[in-house]
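> Here it is, the structure, as structure tokens.
The values are calculated or read from the model by the stated rules, or taken from the named source; none is laboratory data. Predicted, not measured: the structure shown is a model, and the values here were computed from it. Every residue, glycine among them, receives a Cβ derived from its backbone with ideal geometry; neighbour counts consider all protein chains shown. Each accessible area value is taken on the protein alone, full model and side chains, heavy atoms only, with ligands, DNA and RNA left out. Shrake-Rupley method; radii C 1.70, N 1.55, O 1.52, S 1.80 Å.
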Amino acid sequence: MKKMETKHFGEISYDPERILNFPEGLPGFPDDRRFLLMSENEDEDLFFWLQSLDNGDVAFTLMDVYKVLPDYDPQVEGDEIAALGEIADTPLLIYNIAVIPDYVRHMRVNLLAPVVINLNTGLGKQIICANSDYSIRFMIFEELERAKKQLAAEKANACADS
């Protein structure tokens, strides 16, 4: 295990085998190419963090928008995704960069440029969707509230059926 001091998480320990490489960096951060995907519980979490291993001050909040917007369907050009290596039968992770300000109701996500990660190759890239009708500043808070209410209703129904 390696260790690193970070601005947001203090000292972290990580397995070098879990490093994700973004050969082009991320827009505005071309020198940050090695990242660690962090979460509390990968299977259930809605939010994740993409911590730069090249600069402890740089971390991005990522969101699994499919848990809130199940119809989200980013279209990506083949040459864009080719940079991630072989993708046939490969689990790709698709997250969106989120901005969570002090006033949480103004939370927004970038739906136009998802972060795509190929788990088999350990390569990632932020890719601009070919279907450009998605917003880079989608206000997500109301959708989160709606999804939360729907989940609570489903749980209540499941308990009633038991």
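> Go through the residues of segment 146-162 one by one and say whether even a single one is within 15 Å of the chain's Cα centre (by Cα), more than 17 Å from Glu24 (Cα to Cα) and open to solvent by 30 Å² or more (accessible area, probe 1.4 Å).
As a first pass, look at segment 146-162 and keep what is within 15 Å of the chain's Cα centre (by Cα): none.
No, the conditions are met nowhere in segment 146-162.
> Same structure, new question: Among Met38, Met4, Met107, Met63, which is more than 26 Å from Met139 (Cβ to Cβ) and open to solvent by less than 50 Å² (accessible area, probe 1.4 Å)? So that I can check it myself, show each step before the final result.
On the way: Met38 fails: more than 26 Å from Met139 (Cβ to Cβ); Met107 fails: more than 26 Å from Met139 (Cβ to Cβ); Met63 fails: more than 26 Å from Met139 (Cβ to Cβ).
Exactly one of Met38, Met4, Met107, Met63 is more than 26 Å from Met139 (Cβ to Cβ) and open to solvent by less than 50 Å² (accessible area, probe 1.4 Å), namely Met4.
> Out of segment 67-92, which residues are modelled with pLDDT of 85 or more and among the charged types (D, E, K, R)?
The answer is Lys67, Asp71, Asp73.
> Sort out which residues of segment 136-145 are at pLDDT 90 or above, open to solvent by less than 60 Å² (accessible area, probe 1.4 Å) and out of contact with any strand residue (DSSP E or B) (no Cβ under 8 Å at 6 or more places or on another chain), and write them in order of number.
Listed by number, the list holds a single entry, Phe141.
> Shifting gears a bit: Check whether at least one residue in segment 139-154 is assigned to a strand (DSSP E or B) and touching a residue at least 60 places away in the same chain (Cβ under 8 Å), and report yes or no.
First pass over segment 139-154, keeping only residues assigned to a strand (DSSP E or B): 139.
Those still in the list that are touching a residue at least 60 places away in the same chain (Cβ under 8 Å) too: none.
No, every residue in segment 139-154 fails to be assigned to a strand (DSSP E or B) and touching a residue at least 60 places away in the same chain (Cβ under 8 Å).
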